[in-house]
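Just below is one structure, and these are the notes that go with it.
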Amino acid sequence: MPKTNDEQIRLFVADRACHILSSVHESFPGKWIIPVNCCEDVLETLVTSNCTPIFVDIDEKTMQVDQDELTSLLVRYGSEIRGIILIATYGDFSRNEEAISVIRKNSEGIIIDDRCLSPPIISKPKSISSDLILYSTGKTKYCDLGFGGFAYSNLDINVPIVDFEVSSYLEKINQSIPSIDSHKEKLNSIYNSLLPEYIKFPESLNQWRYNILAPDNLTRDSIVNEIFNRGKFCSSHYLPLSDGAFPRSTRISRQIINLFNDFHFTEDDAILICKIINSILDETAVE
């Protein structure tokens, strides 16, 4: 397993988190296992770096990679696997350690712990079980600075030099997090108190956005359309990146709604969104 010569954890900073990913893929080309529900940027970075993606479905209960399916792929491809990307679905990386343990038992591939939707942690870790922990501060991320990404890694990779002051960048993240946390807590509290339990996700999955699972695709579409008709917005990430047989990711993508909890939304906006959702759910129940 490649590491830096002194086996020390290093900080890498880039204009975008994907530039760090590209540096890893270019250093370790070949087959990479990635969750089928990750963002398109990850797939694009892989393909443009002459790597071949091998998709793995997710576990519906945890929203993380299905560990049994992951193990099967690791055994099937063996030493052909150059790396594995684990994503923190909607910001939750709490189960990535379990997946890393599974991978270490079955593969010598590079492990990237992609936390691009998680609250960035700028303090240097004393140790890491993966080979690289990745954070992003680009647009729509937890800490949206409109640019930037950073990673802690034991890999020997070449990341393009940035044209901004790294220490100022890290300090800006550090200063931004408390107000971001506070705002998200306020809006999440509103969603949590006004929405019915049966559409909610576990709290750990509500960091990046407040996520709900509509009863079916038609109800999801009705809610999304009405939210936009009222001049507000929401999203439905992520569609599976492959047309193959990935039933769990496919089903969830047809029902998921990501409700905004960042500075683009006020408390009044969150209350209005809840009224819209509850009204449509009530109508659906009557039908």
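No lab work stands behind these numbers, since they all come straight from the coordinates. Since the model is a prediction, treat every value here as computed from it, not as a measurement. When we count neighbours, we look across all protein chains shown, and the Cβ atoms used for this are built from the backbone with ideal geometry, even at glycine.
Let me check against my output: what whole-number percent is the relative contact order of the chain, with C-alpha pairs under 8 Å and at least 6 apart?
20
Does anyone have the angle between helix 67-77 and the longest principal axis of the chain? Alpha-carbon axes, 0 to 90°, nearest 10?
Helix 67-77 sits at roughly 40 degrees to that axis.
What is the extension gain from residue 218 to residue 10, computed as 0.36 nm multiplied by their sequence separation minus the C-alpha to C-alpha distance, in nm to one decimal?
My answer for the length gained is 70.1 nm.
Between the stretch 78-141 and the stretch 9-54, what is the separation of their alpha carbon centroids in Å?
Answer, in whole Å: 12.
Can you tell me how the stretch 69-113 classifies by the Cα gyration tensor, rounded, prolate or oblate, using a/c under 1.5 as the rounded cut?
prolate
Among DSSP beta bridges lying fully in the chain, give the percent that are antiparallel, nearest 5.
50
How big is the antiparallel share of DSSP beta bridges in the stretch 10-168, given as a percent to the nearest 5?
Antiparallel bridges make up about 40 percent of those DSSP assigns within the stretch 10-168.
Assuming R0 = 45 Å, can you tell me the calculated FRET efficiency for the pair residue 204 and residue 147, based on Cβ-Cβ distance, to the nearest 0.05?
The formula returns an efficiency of 0.95 here.
Determine the shape class of the stretch 26-93: with a ≥ b ≥ c the square roots of the Cα gyration tensor eigenvalues, call it rounded for a/c under 1.5, and otherwise prolate if a/b is greater than b/c, oblate otherwise.
Because a/c hits 1.5 or more and a/b fails to exceed b/c, the stretch 26-93 counts as oblate.
How do 264, 25 line up, fewest other C-beta atoms within 10 Å first?
Starting with the residue having the fewest Cβ neighbours, the order is 264, 25.
With a 10 Å Cβ neighbour count serving as the proxy for reagent exposure, in which order, fewest first, do 115, 16 appear?
Ascending Cβ contact count within 10 Å gives the list 16, 115.
Evaluate 2.2 N^0.38 Å with N set to the residue count of the stretch 177-286, then give the Cα radius of gyration divided by it.
1.06
Quick one: compute a quarter of the convex hull surface over the Cα atoms of the chain and quote it in nm².
15.4
Decide, for the stretch 1-157, between rounded, prolate and oblate: order the square roots of the alpha carbon gyration tensor eigenvalues as a ≥ b ≥ c, take rounded if a/c falls under 1.5, and otherwise choose prolate if a/b is larger than b/c, else oblate.
rounded
Counting other C-beta atoms within 10 Å, which of 224, 56 has the fewest, and how do the rest follow?
Least to most surrounded, the residues fall as 224, 56.
Residues of the stretch 48-74 with the amide nitrogen closer than 15 Å to a label point 7 Å from the Cα of residue 40, along Cα-to-Cβ, please.
Label zone hits: 48.
Using the Cα centre of the chain as origin and beta-carbon charges of +1 (Lys, Arg) and -1 (Asp, Glu), tell me which of 94, 154, 56 is placed farthest towards the positive end of the dipole.
Of the candidates, 154 comes out farthest on the positive side.
Which of 98, 185, 69 ends up with the largest GNM mean-square fluctuation for the chain, with Cα atoms connected below 10 Å?
Maximum fluctuation in the GNM of the chain, among the listed residues, is at 98.
Magnitude of the Cβ-charge dipole of the stretch 40-167, K/R +1 and D/E -1, about the Cα centre, nearest 20 debye?
Dipole of the stretch 40-167, to the nearest 20 debye: 360 debye.
Between residue 80 and residue 262, what FRET efficiency follows from the Cβ-Cβ distance if R0 is 45 Å, with the result rounded to 0.05?
0.65
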